[in-house]
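Each remark here refers to the structure printed beneath this line.
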Amino acid sequence: MGVRIVGTGSYVPEKILTNLDLQNMVDTSDEWIKVRTGIVERHIAPPEMSSGDMASIAAKRALELAGLEGSDISVVVVATTTPDHTFPNTASAVQRNIGADNAFGFDLSAACSGMIYSLELAYSLLMQQKKYRYVLLCGAEKLSCITNWNDRNTCVLFGDGAGAVILGRCDDDDSGQIASDLHLDGNYSEILQLPAGGSRNPTSHETVDKGMHYIHMLGKETFKLAVNAMAGACRNVLSESGVNAADVKLVIPHQANKRIIEAVAQRIDVSTEQVFVNVHKYGNTSAASISICLDEAFRSGQLQKGDIVLLVAFGSGLTWGAQLLRV
Ligand code: UT7
């Protein structure tokens, strides 16, 4: 018995914000953004659209591809840093919108590593609990609503969107998780955070005046930690499993910065053709990025049944990890 990805879906809002648009908003340039990050444009959700709305569209597309109904889903997980509400969870909005009447579910908070963490749960649940047939994992973010559009250090980086992955048990023994390596380190929590709005600093006039409801990031520090952590996690899953880097069909890294992706690829010795990149189209969509990539990779035929894929991410927490899967 194995566990297999039976469907994927994704959604990005229609509105595109280009680097040229940003040139008119803050002191930046198309050239700087492209050279330093690889980002050319990103998608921005309209005011009335939430992370849960985007996740629901992505989930419906994944269900359609899998040939399943909402009622076939046993568990709904939504990885997000921009939930619709503090409570109820965003998973309940997705459950309602897709008619997942037989599911339980919850949100998962692991910032950009959300899909890597969610996959660990999904594979473990499906391998150990026969009563769960299909698990729906969504990664969804409306980062535009926590972005300070006057801060050029951060506003050029982020975008909105959602992806969905459905996993199910299958007869094929080969499909499944080959190895995983997950980490959490709270010693660097201040380098990338949303300072206010939680119980540490509840929202007040003062927190809003100080812009504490926006993403705060020390970019350079985050960059260095990300490269080392992501390369380390990749090396760990490869050495634990005995799989050669050359046998990995596709490496799907979290899409934060093209330079981070290239540095990781170089350190683990994979070719450019093996690395999936779409950061130029969407910017950093945090928890959504890996599931959007997976959907594009499956639908374009770059990933096919039986392929080995290496997923790797790094985010606020710090959270990071890698998943080596046979899909
Ligand atoms: O998703 C999870 C994790 N997130 C990440 O992994 C992001 C990690 N960090 C990064 O991707 C990069 O550090 C950034 C893209 C955020 C910044 O790139 P950098 O090469 O580290 O630039 P920097 O912060 O060292 O800034 C270099 C210069 C500075 O000017 P001075 O001090 O050299 O005069 C900045 O003020 O670039 C300036 N700068 C900009 N210039 C034009 C910073 N942002 C901009 C901008 N446009 N948007």
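The values are calculated or read from the model by the stated rules, or taken from the named source; none is laboratory data. These figures come from a predicted structure and were not determined experimentally. Neighbour counts run over all protein chains shown; Cβ positions are idealised from the backbone, glycine included. Note: areas computed on protein heavy atoms with side chains; ligands, DNA, RNA excluded. Shrake-Rupley method; radii C 1.70, N 1.55, O 1.52, S 1.80 Å.
Looking at this structure, is VAL270 more than 9 Å from the ligand (Cβ to nearest atom) and open to solvent by less than 10 Å² (accessible area, probe 1.4 Å)? Spell out how you get there, then give the answer.
On the way: more than 9 Å from the ligand (Cβ to nearest atom): yes; open to solvent by less than 10 Å² (accessible area, probe 1.4 Å): no.
It is false that VAL270 is more than 9 Å from the ligand (Cβ to nearest atom) and open to solvent by less than 10 Å² (accessible area, probe 1.4 Å).
Against the condition within 16 Å of the ligand (Cβ to nearest atom) and touching a helix residue (DSSP H, G or I) at 6+ places or on another chain (Cβ under 9 Å), how does THR8 come out, does it pass?
No.
Checking PHE298 against (1) assigned to a helix (DSSP H, G or I); (2) open to solvent by less than 10 Å² (accessible area, probe 1.4 Å); (3) under 27 Å from SER50 (Cβ atoms), which test does it fail?
Of everything listed in (1) assigned to a helix (DSSP H, G or I); (2) open to solvent by less than 10 Å² (accessible area, probe 1.4 Å); (3) under 27 Å from SER50 (Cβ atoms), PHE298 misses just condition (2).
Among all residue pairs at least 6 apart or on different chains, which show Cβ distances below 6 Å where the first residue, located in segment 221-245, is part of a helix (DSSP H, G or I) and the second is of a type in the set (D, E, K, R)?
Sorted first by the residue in segment 221-245, then by its partner, the pairs are ALA231/ARG267; ALA233/ASP181; ASN236/ASP181; VAL237/ASP181; ALA245/ASP269.
The conditions are (1) without any contact (Cβ under 8 Å) to a residue 40 or more places away in the chain; (2) open to solvent by 30 Å² or more (accessible area, probe 1.4 Å); (3) under 27 Å from VAL78 (Cβ atoms), and VAL277 fails exactly one of them. Which is it?
Every listed condition holds for VAL277 apart from (1).
Only one of these is among the small types (Gly, Ala, Ser) and on the phi > 0 side of the Ramachandran plot: ALA103, ALA111. Name it.
The conditions single out ALA111.
Which one of these does THR207 not meet: (1) part of a loop (DSSP other than H, G, I, E, B); (2) out of contact with any helix residue (DSSP H, G or I) (no Cβ under 9 Å at 6 or more places or on another chain)?
Only one criterion is unmet by THR207, namely (1).
Of the numbered conditions (1) assigned to a loop (DSSP other than H, G, I, E, B); (2) of a type outside the set (A, V, I, L, M, F, W, C); (3) surrounded by 15 or more Cβ atoms within 10 Å (Cβ to Cβ), ARG42 satisfies every one except a single condition; which is it?
So the condition that ARG42 fails would be (1).
Restricting to segment 128-173, count the residues that are of a type outside the set (D, E, K, R) and more than 23 Å from the chain's Cα centre (by Cα).
Qualifying residue count, segment 128-173: 5.
Scan segment 149-161 and report the pairs whose first residue is farther than 12 Å from ARG42 by Cβ and open to solvent by less than 20 Å² (accessible area, probe 1.4 Å) and whose second residue is more than 8 Å from the ligand (Cβ to nearest atom) and in a loop (DSSP other than H, G, I, E, B), with Cβ atoms within less than 9 Å and a gap of 6+ or a chain change.
Hits for this filter: THR154/THR147; THR154/ASN148; THR154/TYR214; THR154/ILE215.
Examine segment 255-266 for a residue that is buried (at least 24 other Cβ atoms within 10 Å of the Cβ) and outside any helix (DSSP H, G or I), and state whether such a residue exists.
Yes, some residue in segment 255-266 is buried (at least 24 other Cβ atoms within 10 Å of the Cβ) and outside any helix (DSSP H, G or I).
When you go through MET230, MET212 one by one, which is the residue that is more than 20 Å from the chain's Cα centre (by Cα) and buried (at least 17 other Cβ atoms within 10 Å of the Cβ)?
Values: MET230 fails: more than 20 Å from the chain's Cα centre (by Cα).
Selected residue: MET212, the only one of MET230, MET212 that is more than 20 Å from the chain's Cα centre (by Cα) and buried (at least 17 other Cβ atoms within 10 Å of the Cβ).
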